[in-house]
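K.L.:
Below you'll find the structure I mean.
The values are calculated or read from the model by the stated rules, or taken from the named source; none is laboratory data. Computed from a prediction, not measured in an experiment: that's the story for all the values here. Virtual Cβ from ideal backbone geometry, glycine too; neighbours counted across all protein chains shown. What goes into the accessible areas is simple: the full protein's heavy atoms, side chains included, and nothing from ligands, DNA or RNA. Shrake-Rupley method; radii C 1.70, N 1.55, O 1.52, S 1.80 Å.
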Amino acid sequence: SYFLVLPALLFAQGTAEGNFRQAEALAAQGRFSDAVYHYRLAIEKNSSYKDAHLGLARSYFELSEFSRALQSLESVFRLDGKNGKALLLRGRIHTRLGNKAEALADLGQVRSQDPGNTEVLTALGEYYESIGKSNLAFDFYRRIVQNHPAHFLALLGLARHYGREGRMELALSVLEKARRINSMHHQFHESRGLILLHGFVKSGNRDDLM
């Protein structure tokens, strides 16, 4: 059976579907640069492969290559003008870029289509956090974690909130829960750095940051 399966696997790697599956596996491991390569191979073989364009956009987002992510999303919208996942991702990108009106418009549209969508609630938490409305962001993160205790991004949001408030023991406790889920993700390390910074500033130990 090994000799029957092996040719099928090799064939799959040479198809758009095979490249897409490999890209998805790499993205799930946090290997976004490698995932980009295989998403692009899938798109070269099938330019109408909507999920590959979307996966490519997500990988660029994770790499903070926001211009390229937006370009890839344009390809998704050409294929599916009302794609909710693409709207959500574009909203998150606009949040990172500080485009408040565009971010809120995209995220609001997704929420109107699917009010209970956990990912859009997380993205709204990120949006309100980015504009300094920490308590609103906290409400979103807390609601998500109440229903989904292992939600990685919401846990990070809660931890950052507690860090800003100077509640370091609680912040680090929640951060530890996120670490157990995905200690390799760049957002874990970014959040940890912010929380530790808040802790140093609150305690007045600024010399420790040098």
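K.L.:
So if I check each of 163, 132, which one is open to solvent by less than 10 Å² (accessible area, probe 1.4 Å) and either in a helix (DSSP H, G or I) or not aromatic (Phe, Trp, Tyr) (or both)? Even if it seems obvious, please write down each step before you answer.
P.N.:
Values: 132 fails: open to solvent by less than 10 Å² (accessible area, probe 1.4 Å).
Just a single option satisfies the conditions, and that option is 163.
K.L.:
Check whether at least one residue in region 61-72 is among the small types (Gly, Ala, Ser), over 17 Å from residue 128 (Cα atoms) and touching a residue at least 24 places away in the same chain (Cβ under 8 Å), and report yes or no. Steps first, answer last, please.
P.N.:
Applying the first criterion (among the small types (Gly, Ala, Ser)) to region 61-72 yields 64, 67, 69, 72.
Filter again for over 17 Å from residue 128 (Cα atoms), leaving 64, 67, 69, 72.
Subsequent filtering for residues that are touching a residue at least 24 places away in the same chain (Cβ under 8 Å) retains 64, 69.
Yes, that holds for at least one residue.
K.L.:
I've got another one for you. Would you check which residues across region 14-40 are within 13 Å of residue 51 (Cβ to Cβ), surrounded by fewer than 22 Cβ atoms within 10 Å (Cβ to Cβ) and small (Gly, Ala, Ser) and list them?
P.N.:
Within region 14-40, 16, 27 meet the criteria.
K.L.:
Does residue 78 satisfy being open to solvent by 60 Å² or more (accessible area, probe 1.4 Å) and without any contact (Cβ under 8 Å) to a residue 24 or more places away in the chain? Break it down into steps so the answer makes sense when it comes.
P.N.:
On the way: open to solvent by 60 Å² or more (accessible area, probe 1.4 Å): yes; without any contact (Cβ under 8 Å) to a residue 24 or more places away in the chain: yes.
In short, yes.
K.L.:
Same structure, new question: Residue pairs, Cβ under 6 Å, 6 or more apart or interchain, first in region 93-120 and at pLDDT 95 or above, second open to solvent by less than 30 Å² (accessible area, probe 1.4 Å) and small (Gly, Ala, Ser). List them.
P.N.:
Short answer, once both residue conditions are applied: 93/69; 94/103; 95/103; 103/91; 106/91; 107/91; 107/123; 110/84.
K.L.:
State which residue pairs qualify: first residue modelled with pLDDT under 95 and inside region 21-35, second residue buried (at least 16 other Cβ atoms within 10 Å of the Cβ) in any location, beta carbons under 7 Å apart, and separation of 6 or more residues or different chains.
P.N.:
Note: pairs meeting the criteria are 30/185.
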